[in-house]
Amino acid sequence: MTRLDLFIARMVSQRACIDHAVALTADMQGPVFELGLGNGRTFDHIRAKVKKRDIYVFERAVASNPASTPTEDQLVLGDVFETLPMMLAKHGPVVSFAHADLGGHNLEKNDEFARAISPAIETVMAPGGIMVASDAMYFDRLVELPLPEGAVEGRTFIYQCPL
């Protein structure tokens, strides 16, 4: 696959998995966490799909397109290793759906980061909650789910917290 093919596969997979996660968690009440804002494309998609739950976006510094920038009350600025525990203390393990696209172009660094952040993500998830990630994660409790139709193997991963 070319780099363009890989990018398209990732975008198609993200959309398919996000839409699937929104459907699976539609009856849940807990907030949605977007871990990493980037340009804001996935945040914009999530806010268009999720209407009755709070959405919190975790980022070190905002550099998104103005059309897809969260409101100030949706932003959780800082290092995710500090802000996730802060939100856990504030809200408890109530996250219905989390999406993470935190990696870069270095696959080794992405894997290291996924190993380090997985335990923190796991602590905030509600029973039945869904986690969608651009990289394979390393959870003790969350179970990897089959990808929905339209998703490409290895481009996006989806996990569920046991009930």
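The values are calculated or read from the model by the stated rules, or taken from the named source; none is laboratory data. Just so it is clear, the structure is predicted and the values come from calculations on it, not from any experiment. We place every Cβ from the backbone using ideal geometry, glycine too, and count neighbours over all the protein chains shown.
Values computed for the structure shown
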| read-out | value |
| --- | --- |
| Search result, residues across the range 26-79 that are within 14 Å of Phe97 (Cα to Cα), charged (D, E, K, R) and modelled with pLDDT of 95 or more | Asp27, Glu34, Arg47, Lys49, Arg53, Asp54 |
| Within the range 64-121, considering residues that are hydroxyl-bearing (Ser, Thr, Tyr) and either surrounded by 13 or more Cβ atoms within 10 Å (Cβ to Cβ) or touching a Gly at 6+ places or on another chain (Cβ under 6 Å) (or both), the one farthest from Lys51 (Cα to Cα) | Ser118 |
| Among the residues listed as Asp5, Asp44, Asp19, the single one being of a type in the set (Asp, Glu), touching a residue at least 24 places away in the same chain (Cβ under 8 Å) and more than 24 Å from Pro127 (Cα to Cα) | Asp44 |
| Failed item, numbered, when Asn39 is tested on (1) surrounded by fewer than 16 Cβ atoms within 10 Å (Cβ to Cβ); (2) in contact with a Pro (Cβ under 8 Å, 6 or more places away or on another chain); (3) in contact (Cβ under 8 Å) with a residue 24 or more places away in the chain | (2) |
| Qualifying residues in the range 43-62 (those that are assigned to a loop (DSSP other than H, G, I, E, B) and in contact with a Ser or Thr (Cβ under 9 Å, 6 or more places away or on another chain)) - the one farthest from Ala16 (Cα to Cα) | Val62 |
| Subset of the range 49-63 that is of a type outside the set (A, V, I, L, M) and closer than 25 Å to Arg155 by Cα - its residue that is surrounded by the fewest Cβ atoms within 10 Å (Cβ to Cβ) | Arg60 |
